[in-house]
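Scroll down for the structure; my scribbles are underneath it.
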Amino acid sequence: MTNVELKEKIIEYSKEIGIDKIGFASADPFLTLKDRLLEQQRLQYQSGFEEKDIDKRVTPKKLLPEAKTIIAIALAYPSKMKNEPKNKKGERRGRFCRASWGEDYHRVLQNRLEKLEDYIMSLVPEAACKSMVDTGELSDRAVAERAGIGWSGKNCAIITPEFGSYVYLGEMITTLSLPPDTPITDQCGTCNKCVEACPTDALVQGGQLNSNKCIAYLTQTKDFLPKQYRKQIGNRLYGCDTCQQVCPENKGRDIHSNEEFEPDPDIVKPLLIPILQLSNREFRENYGPLAGSWRGKKPIQRNAIIALGNYKEESAIEVLEDLLLHDPRPIIRGSAAWALGQINTERSALSLYRAKETEKDSDIVKEINEALDYITSEVRYAK
């Protein structure tokens, strides 16, 4: 079998197992990527979730010494849900981004890659392969770009001609020597909508992201949310879709080719107050299958509290007061203090005064005082 024939067989099998797009690239070092990563490091734009060793991120042969080819795959996910629940006063809801709908994509793509690897090994038993999804050393985006899956958009996502940027990416390094595909020319042109629409100006310029300002990153942190970004979080519990929603290439894109990514509306757009009352077991049972659960319960609950503050949801005062008075986690108590200040009623002010009498943590006392100052200033302004 020639390498061309082998490539065709792999492409055909990939369709049979539900891979929406596949591409092939050389395993040469990603030299221009290294320059960009070093610049990101110099500017301190990294999220901290990345592989620390830049050489591993740009040199496939450091991961598989005899590497010759990288096979890139993409699976499309939906942008719209059926029977989306209403968000109304007294029943406020949060939102998980589209990339966290359905089953955790890491598991789904890893399953597809394992099947693909087994097939390759059945054809060429002496081949060696190494697969990864998102958490691996290589840059999924750089691999997909080289393999012709799509172009790298100004929103720092791969944009495919068929599915827009609503795709998950994975790759397999292999010792097989397969004909590479041609990269797709950049199609963004002068469009700058994603950069202009970013709520926190995290897209510094087309294709460069300051991760520390990105809402998708901020929703995954475990510390206090910086005050300057709490309003911009809105009702987001995990991730952010803004730069994808405004992209013209995503207009009308809503792909339902993979059943695993179909969302449960009440899980991905959940009521906020019940989230604050979940036990660890209940959180794992309800949200464990989502990609957005990987950081645990606390960040999701903190974001839910911020969302209730942004909604000025008065029905949440009782549960927020209980968290402020009794929750052992400082981040949750401090976030509850902020939210009560934003709700800005006499009852929320009384809750803050009550907590101030017993709170010992200086950071939380500061949050309480700032919340009370906000209420006072709002009352003064109203007069």
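The values are calculated or read from the model by the stated rules, or taken from the named source; none is laboratory data. What you see is a predicted model, and the numbers here were worked out from it, not measured in a lab. Every residue, glycine as well, gets a Cβ built from its backbone with ideal geometry; the counts of neighbours run over all protein chains shown.
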**Report entry** Residues being in a helix (DSSP H, G or I) and surrounded by fewer than 21 Cβ atoms within 10 Å (Cβ to Cβ) - total across the stretch 293-323
**Finding:** 11
**Report entry** Residues satisfying the stated conditions in the stretch 277-289, i.e. under 19 Å from H106 (Cα atoms) and either surrounded by fewer than 22 Cβ atoms within 10 Å (Cβ to Cβ) or more than 18 Å from the chain's Cα centre (by Cα) (or both)
**Finding:** R284, E285, N286, G288, P289
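Let's see how each residue does on (1) part of a helix (DSSP H, G or I); (2) crowded, with 16+ Cβ neighbours inside 10 Å; (3) in contact with a Lys or Arg (Cβ under 8 Å, 6 or more places away or on another chain); (4) not charged (D, E, K, R):
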| residue | (1), (2), (3), (4) |
| --- | --- |
| I10 | yes, yes, no, yes |
| I19 | no, yes, yes, yes |
| D35 | yes, no, no, no |
| K52 | no, no, no, no |
Requested in this report: Name the one entry in P183, P199 that is within 30 Å of E126 (Cβ to Cβ) and assigned to a loop (DSSP other than H, G, I, E, B).
Outcome: P183
Report summary line: Selection over the stretch 126-156 where residues are within 16 Å of the chain's Cα centre (by Cα) and closer than 15 Å to G189 by Cα yields a count of 2
Query raised in the report: Which of the residues belonging to the stretch 119-135 are part of a loop (DSSP other than H, G, I, E, B) and either within 23 Å of T182 (Cα to Cα) or touching a residue at least 60 places away in the same chain (Cβ under 8 Å) (or both)?
Result: V124, A128, V133, D134
Report task. Just give me the residues in the stretch 177-205 being buried (at least 17 other Cβ atoms within 10 Å of the Cβ) and touching a helix residue (DSSP H, G or I) at 6+ places or on another chain (Cβ under 7 Å), in sequence order. Result -> L178, P183, C194, C198, P199, T200, A202, L203
**Report entry** Some residue of the stretch 219-237 being aromatic (F, W, Y), in contact (Cβ under 8 Å) with a residue 12 or more places away in the chain, outside any helix (DSSP H, G or I) and surrounded by fewer than 18 Cβ atoms within 10 Å (Cβ to Cβ)
**Finding:** yes
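Listed here are the residues, each with its yes/no results for (1) farther than 25 Å from Q40 by Cα; (2) among the small types (G, A, S).
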position: N210; (1), (2): no, no
position: Y229; (1), (2): no, no
position: G234; (1), (2): yes, yes
position: Q244; (1), (2): no, no
position: K251; (1), (2): yes, no
position: N258; (1), (2): yes, no
**Report entry** Pair list, Cβ < 6 Å and 6+ apart or interchain, from the stretch 88-105 residues that are modelled with pLDDT of 95 or more to residues that are of a type in the set (K, R)
**Finding:** R93/K269; R95/R236; R95/K269
Report summary line: The lone condition E249 fails out of (1) of a type in the set (D, E, K, R); (2) assigned to a loop (DSSP other than H, G, I, E, B); (3) in contact (Cβ under 8 Å) with a residue 60 or more places away in the chain is (2)
Requested in this report: Kindly indicate whether any position in the stretch 251-258 is more than 25 Å from S139 (Cβ to Cβ), within 19 Å of the chain's Cα centre (by Cα) and not β-branched (V, I, T).
Outcome: yes
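For the stretch 143-180, give me each residue that is of a type in the set (A, V, I, L, M), touching an Asp or Glu at 6+ places or on another chain (Cβ under 9 Å) and part of a loop (DSSP other than H, G, I, E, B).
A147, I149
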Query raised in the report: Given (1) out of contact with any Cys (no Cβ under 8 Å at 6 or more places or on another chain); (2) of a type outside the set (D, E, K, R); (3) outside any strand (DSSP E or B); (4) crowded, with 20+ Cβ neighbours inside 10 Å, where does I71 come up short, assuming only one miss?
Result: (3)
Query - Positions within the stretch 186-196 being assigned to a loop (DSSP other than H, G, I, E, B) and touching a residue at least 24 places away in the same chain (Cβ under 8 Å), in sequence order - result: D186, Q187, C188, C191, N192
